[in-house]
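One structure below.
The values are calculated or read from the model by the stated rules, or taken from the named source; none is laboratory data. The shown structure was predicted, so the numbers you read here are calculated from the model rather than taken from an experiment. Methodologically, a virtual Cβ is constructed for each residue, glycine included, from the backbone with ideal geometry; neighbour enumeration extends over all protein chains shown. When the accessible area is computed, the model is the full protein with side chains, heavy atoms only, and any ligands, DNA or RNA have been set aside. Shrake-Rupley method; radii C 1.70, N 1.55, O 1.52, S 1.80 Å.
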Amino acid sequence: TRIGIDAFKFKDGAASADARDLAALAGRVVFNDLDFSYLFEAVRPDTVYLRIMNKTQIDRRGWHYLGAAYMIEGEVEVDGDNVAVTYTLFDLVNDREVFRRRLKSRRQTIRLLSHSLSDEVYRELAGAEGIFHTRLTYLRKDTYNEVHVCDYDGANDLVVASERSIIV
């Protein structure tokens, strides 16, 4: 199933560079999550389409023209150390809103919030739990051994044990 992920916006259109960065990160994580799944193919915006149609942004009809069956729109709101993402999943084939939800977290955990968003979309469309909150544990053998834990996509890599002797 092809799914368009529109560039996430920031509330009220006038935001700091930090808010724009958080919105871009949230959209990028959701795009990569769903594209990673074997059930979905994330559709990138087509700049040729934008030029031909003399638009700066792709609307729902444009996403459908690009082959997307679904589309996600998101808006990020930053309030101090808190962040909220309101997002909408649209069924482009039947021209209807599937759902609109709001997720909140601390700004430092925007990636986890984005993985939650991806999991919710996956659950709705696939009828199964998403994998986007999965954490991996691995052993790195170098001069000495290190046990690492990271997100399924390799982000947030953390060394949890480091020894010059055998760990495992």
The chain, Gaussian network, Cα under 10 Å: of Ala26, Ala68, Ala128, the residue fluctuating most is Ala128
Per the helix-only model, the chain has a calculated mean residue ellipticity at 222 nm (DSSP H runs of ≥4, -39500 (n - 2.57) each, divided over all residues, rounded to the nearest 500) of -9000 deg cm²/dmol
Rounded to the nearest 10 Å², the 1.4 Å probe accessible area of Glu97 is 90 Å²
For the stretch 105-160, averaging the sequence separation of alpha carbon pairs under 8 Å that lie six or more residues apart and dividing by its residue count, the contact order in percent is 21 percent
Relative contact order as a percentage, the stretch 30-168, C-alpha pairs under 8 Å and 6+ apart, gives 13 percent
Nearest-0.05 FRET efficiency for Val149 and Asn94 at R0 = 35 Å, using Cβ-Cβ distance, is 0.25
To the nearest 20 debye, the chain has a Cα-centred charge dipole, built from +1 on Lys and Arg Cβ and -1 on Asp and Glu Cβ, of 200 debye
Listed residues Val93, Val83, Val43; largest mean-square fluctuation, Gaussian network over the chain with Cα springs below 10 Å, found at Val93
One finds the C-alpha centres of the stretch 78-112 and the stretch 30-46 to be spaced, in Å, by 17 Å
Taking 135-147, 108-120, 52-64 and ranking on average Cβ neighbours within 10 Å, highest first, one gets 108-120, 52-64, 135-147
Highest GNM mean-square fluctuation among Asp81, Asp91, Asp35, for the chain with Cα springs under 10 Å, belongs to Asp81
Options [x] 12.4; [y] 17.2; [z] 11.4 are given for mean projected area of the Cα convex hull in nm², and the computed one is [x]
Listed by chain and number, the aspartates and glutamates with an alpha carbon less than 17 angstrom from that of Lys9, same-chain partners under 8 positions apart left out, are Asp18, Asp21, Asp59, Glu73, Glu75, Glu77, Asp79
